[in-house]
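All remarks here apply to the structure that follows.
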Amino acid sequence: MVEAYVTQEFVDKIIQATRGSVFDLSGSLFLAFNAPILLIAILAVAHLIISGVEDFDKKSIKKPGFRLWTFPVLVDGPFGVVSAAEFIGIIFFVVFVIWAMYAYTLRNLNLFTEFEVPDLDKGRFLLEMTGLRMGMLGLLCLIFLFLPVSRGSLLLRLIDIPFEHATRYHVWLGHLTMMLFTLHGLFYVIAWAMKGTLVKEVLEWKRVGIANLPGVISLLAGLCMWVTSLHPVRKDYFELFFYTHQLYVIFVVFLALHVGDFVFSIVAGVIFIFMLDRFLRFCQSRTTVDVLSAKCLPCGTVELVLSKPQSLRYNALSFIFLQVRELSWSQWHPFSVSSSPLDGKHHLAILIKVLGKWTGNLRDSILSMPETEQSKEEGKVHMASSSSYPFSGRSMSPLVGTGNNVWSGLYVFTSTVGFIVLMALLRIFYIKPYYVSTWWYLGLLLILCMVASVVIFGGVVIGLWHLWEKKVSAKVEEDNDRTKVESVANKYSQKNVESSTIVQYGTRPDFKEIFATTNRKWGNVDVGVFVCGPPTLQSSVAKEIRSHNLRRQLHDTIFHFNSHSFDL
């Protein structure tokens, strides 16, 4: 209980220091739980600019060595392949959850004596207190839940977490968060039923205190997202998952109405970062690209070669989001870039596995075009001519902020300052003079200030950023010869990949022999291994990499495991 005491003492000191200030108690909680996250996000800008870690044109020579993110520790189990860094994170998070539940349980037991609860009411009281603790623990998990889906945030880029891994963390945290919130609601429902006031309590919407009905609405929205995000549903009914997941707006807004601005301040910072990401992603999604080449390969994969925006930068693990309006006006699908950033300035390539309705419609659209046939060892390849595409200008969005670190940092900093200014003005000229004290209304005002600061202050920066990019692009000499661009794209897709690819049919490669051969050839160097395939394939490769790295000598190669999945 020493840790719990220290944490509470720290929060109490912040509350005492800010009591009577413009932001009052809500500002105290926001400062305690969110100031470190926002500060790290802003400092990440300076680090990325100074270090130049995202300058793909510069080659850096590093001494070969183990990396926690690419060294597989667990290769079989419910979590799939887990790296050393992920394993450490899982252990710390599990310990945190167990410690928090233990501390909350002891606190609940102490409340019996503090409030002198009658014996007949102890069961109901314990249910309500346990439900309260589950809700608070769910809020703490919610802080971590929104960080991975801020896909291009400076925090993720600072620690260099690939998009695919961030998605996996979001799934894990989503299950845990919704389990806690479900228990939170369930314990209260049982307690209210025992008291005989279930309907009254569920429909209650207090002016001061926790408003129950908004909490019920928020929980129902969360449950809909949770059920439809389960893997069988997401895989076979992606559209249902996609559209239901937009209920996150209802979930967040009614959560703020449920707990008010004071408690909502605990998670306001990370939700603000998520808003920054979503708005910038929306603005960047206005970029359109042309389809230079489209193929349907016999293995059931579609290859698209797209014109590349001049400002787009990517590496071997980058994802882009693609929208084809002829197929859907609202759906954006993530795809990993299969071409090298060194292949050319005018194009990039993606490989799309046909798994669902959207990708199936994309394949059918390509197959319906006039074709040019090419003989291949594995069969026929349907290649559409460039002049026959039913979709010529498609919207594409890179991960947020990849264009320029300075502008990304200015966007985050300006929006954050704008949020603080708006909250101060709102409290000085409206909340305090008119004695606004309704909890749910204050929570709504907090949400509105967050949105307004992103759109108004952040929007100005994005507008200037866009004008700057247009000015820079105008100074860069561009090759507008479409034929040359297409020949470069075809050269990539037909020659470069084939000349560097070994295709083996009928059996799985001997990974042990492949790694041994690479080790004998290259010696003490870092070698990245990219695996794309079913979980069993990833486990086999990860197991061999782990075995080789553990028994390696000083002069041997160090292999680094990286995975790509067709089904996120």
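Annotations
- M383 modelled with pLDDT under 95, of a type outside the set (S, T, Y), touching a Leu at 6+ places or on another chain (Cβ under 6 Å) and assigned to a strand (DSSP E or B): no
- Applying the condition of being among the charged types (D, E, K, R) and assigned to a loop (DSSP other than H, G, I, E, B) to segment 289-319 and asking which residue is surrounded by the most Cβ atoms within 10 Å (Cβ to Cβ) yields K308.
- Residue that is at pLDDT below 95, of a type outside the set (S, T, Y), within 30 Å of the chain's Cα centre (by Cα) and at negative phi, where the choices are F238, F181: F238
- Condition met for A474 (surrounded by fewer than 14 Cβ atoms within 10 Å (Cβ to Cβ) and either more than 28 Å from F23 (Cα to Cα) or modelled with pLDDT of 95 or more (or both)): yes
- Residue count for segment 539-568 satisfying the condition of being assigned to a helix (DSSP H, G or I) and open to solvent by 30 Å² or more (accessible area, probe 1.4 Å): 7.
- The set of residues in segment 205-238 that are open to solvent by 50 Å² or more (accessible area, probe 1.4 Å) and not hydrophobic (A, V, I, L, M, F, W, C) comprises K206, R207, H231, P232, K235, D236, Y237.
- Being under 16 Å from the mean Cα position of the chain (by Cα), closer than 28 Å to V216 by Cα and crowded, with 17+ Cβ neighbours inside 10 Å holds for only one residue in I266, I271, and it is I271.
- Set V412, V436: member being at pLDDT 85 or above, in a loop (DSSP other than H, G, I, E, B) and not hydroxyl-bearing (S, T, Y): V436
- Residue in segment 320-329 that is of a type in the set (A, V, I, L, M, F, W, C), at pLDDT 75 or above, open to solvent by 10 Å² or more (accessible area, probe 1.4 Å) and not in a strand (DSSP E or B) present: yes
- The listed residues are V488, V497, V541, V503, and the only one of them that is modelled with pLDDT under 90, closer than 30 Å to T301 by Cβ and either among the charged types (D, E, K, R) or under 32 Å from the mean Cα position of the chain (by Cα) (or both) turns out to be V497.
- Spans of helices (runs of 4 or more DSSP H) in segment 72-171 with at least 3 residues touching a residue at least 24 places away in the same chain (Cβ under 8 Å) and open to solvent by less than 20 Å² (accessible area, probe 1.4 Å): 84-115, 122-146
- Boolean, L111 is of a type in the set (A, V, I, L, M), out of contact with any Ser or Thr (no Cβ under 8 Å at 6 or more places or on another chain), more than 17 Å from F561 (Cα to Cα) and modelled with pLDDT of 80 or more: no
- Answer from R278, R313, R286 - the residue that is among the charged types (D, E, K, R) and at pLDDT 85 or above: R278
- Set side by side, the residues G356, G418 differ, and just one is at pLDDT 50 or above and open to solvent by less than 20 Å² (accessible area, probe 1.4 Å), which is G418.
- Failed condition for V199, given (1) in a loop (DSSP other than H, G, I, E, B); (2) open to solvent by 80 Å² or more (accessible area, probe 1.4 Å): (1)
The values are calculated or read from the model by the stated rules, or taken from the named source; none is laboratory data. These numbers come from a predicted model, not from an experiment. Every residue, glycine among them, receives a Cβ derived from its backbone with ideal geometry; neighbour counts consider all protein chains shown. Each accessible area value is taken on the protein alone, full model and side chains, heavy atoms only, with ligands, DNA and RNA left out. Shrake-Rupley method; radii C 1.70, N 1.55, O 1.52, S 1.80 Å.
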